[in-house]
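Colleague: Here you go, one structure.
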Amino acid sequence: MKRIIILFIVLFSAQIMAIEVYDFKTAEQEALYQKLTKELRCLVCQNQNLADSDAGLAKDLKDQVAEFVIAGQDEETIKNYLIERYGDFVNYEPPMNASTLFLWFSPLLVFIIGGVILFLNIRKKTT
């Protein structure tokens, strides 16, 4: 019986720890928090935003974003701080600048290279 109670406590304590509760002053602050956690990328997970991630670092970043929102900072200030600290990768839609040009144009480059290889193979077979 004792083992069942311990198992029950352990199973449900994990569920309780996953719940995030922040004391926002207004509904606008909560909406800003929700928006930011959906727009910012988890640095540990591959292609997952902060809102969907259960990683420890994501939890820390969510706590930090909540603190900034509760302190009254605006969206741009919070994003700029996180981008300055973690780089453009933290932003789900990174800006187009010198350091992200490859990221933006690599699909086009791969498409062009594939087209050239296909064209050369077709041409080679017809001659």
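Colleague: What's the total number of residues in segment 20-60 that are aliphatic (A, V, I, L, M), in a helix (DSSP H, G or I) and either surrounded by 15 or more Cβ atoms within 10 Å (Cβ to Cβ) or not assigned by TED's automatic domain parsing to the domain that holds residue 83 (or both)? Walk me through how you get there before you give the answer.
Modeller: Quick first cut of segment 20-60, residues aliphatic (A, V, I, L, M) only: 21, 27, 31-32, 36, 40, 43-44, 50-51, 55, 57-58.
Going one step further and asking which of them are in a helix (DSSP H, G or I), we end up with 27, 31-32, 36, 57-58.
Then keep just the ones that are either surrounded by 15 or more Cβ atoms within 10 Å (Cβ to Cβ) or not assigned by TED's automatic domain parsing to the domain that holds residue 83 (or both); that gives 32, 36, 58.
Residues flagged as aliphatic (A, V, I, L, M), in a helix (DSSP H, G or I) and either surrounded by 15 or more Cβ atoms within 10 Å (Cβ to Cβ) or not assigned by TED's automatic domain parsing to the domain that holds residue 83 (or both) within segment 20-60 amount to 3.
Colleague: How many residues does segment 61-74 contain that are in a helix (DSSP H, G or I) and surrounded by 14 or more Cβ atoms within 10 Å (Cβ to Cβ)? Full working, then the answer.
Modeller: Applying the first criterion (in a helix (DSSP H, G or I)) to segment 61-74 yields 61-70.
So of that shortlist, the ones also surrounded by 14 or more Cβ atoms within 10 Å (Cβ to Cβ) come out as 61-62, 64-66, 68-70.
Selection size over segment 61-74: 8.
Colleague: Another question, then. Output the residues belonging to segment 46-79 that are over 15 Å from the mean Cα position of the chain (by Cα) and not β-branched (Val, Ile, Thr).
Modeller: So in segment 46-79, the residues over 15 Å from the mean Cα position of the chain (by Cα) come out as 66-77.
The answer is 66, 67, 68, 71, 72, 73, 74, 75, 76.
Colleague: Starting from residues that are part of a helix (DSSP H, G or I) and at pLDDT below 80, keep the ones in segment 75-102 and report whichever is farthest from residue 50 (Cα to Cα). It would help to see each step written out before you state the result.
Modeller: Of all residues in segment 75-102, those part of a helix (DSSP H, G or I) come to 75-86, 88-90, 98-102.
Checking which are at pLDDT below 80 leaves us with 99-100.
Values: 99: 23, 100: 21 Å.
Out of the qualifying residues, it is 99.
Colleague: Condition test on residue 119, is it of a type outside the set (Asp, Glu) and in the same structural domain as residue 23 (by TED's automatic domain parsing)? Before the answer, list the steps.
Modeller: On the way: of a type outside the set (Asp, Glu): yes; in the same structural domain as residue 23 (by TED's automatic domain parsing): no.
Judged against the criteria, residue 119 is not a match.
Colleague: Separate question: Just a yes or no: is a residue in segment 40-50 more than 18 Å from residue 94 (Cα to Cα), touching a residue at least 24 places away in the same chain (Cβ under 8 Å) and of a type in the set (A, V, I, L, M)? Walk me through how you get there before you give the answer.
Modeller: To start, the set of residues in segment 40-50 that are more than 18 Å from residue 94 (Cα to Cα) comprises none.
Looking for residues that are more than 18 Å from residue 94 (Cα to Cα), touching a residue at least 24 places away in the same chain (Cβ under 8 Å) and of a type in the set (A, V, I, L, M), one finds none in segment 40-50, hence no.
Colleague: Let me ask something additional. As an exercise: evaluate residue 105 against (1) assigned by TED's automatic domain parsing to the domain that holds residue 22; (2) assigned to a helix (DSSP H, G or I); (3) over 17 Å from residue 22 (Cβ atoms) and give the number of the one condition it does not meet.
Modeller: It fails just one condition, (1).
The values are calculated or read from the model by the stated rules, or taken from the named source; none is laboratory data. Everything numeric in this text was worked out from a predicted model, so none of it was measured. Glycine gets a Cβ as well: all are built from the backbone with ideal geometry, and neighbour counts include every protein chain shown.
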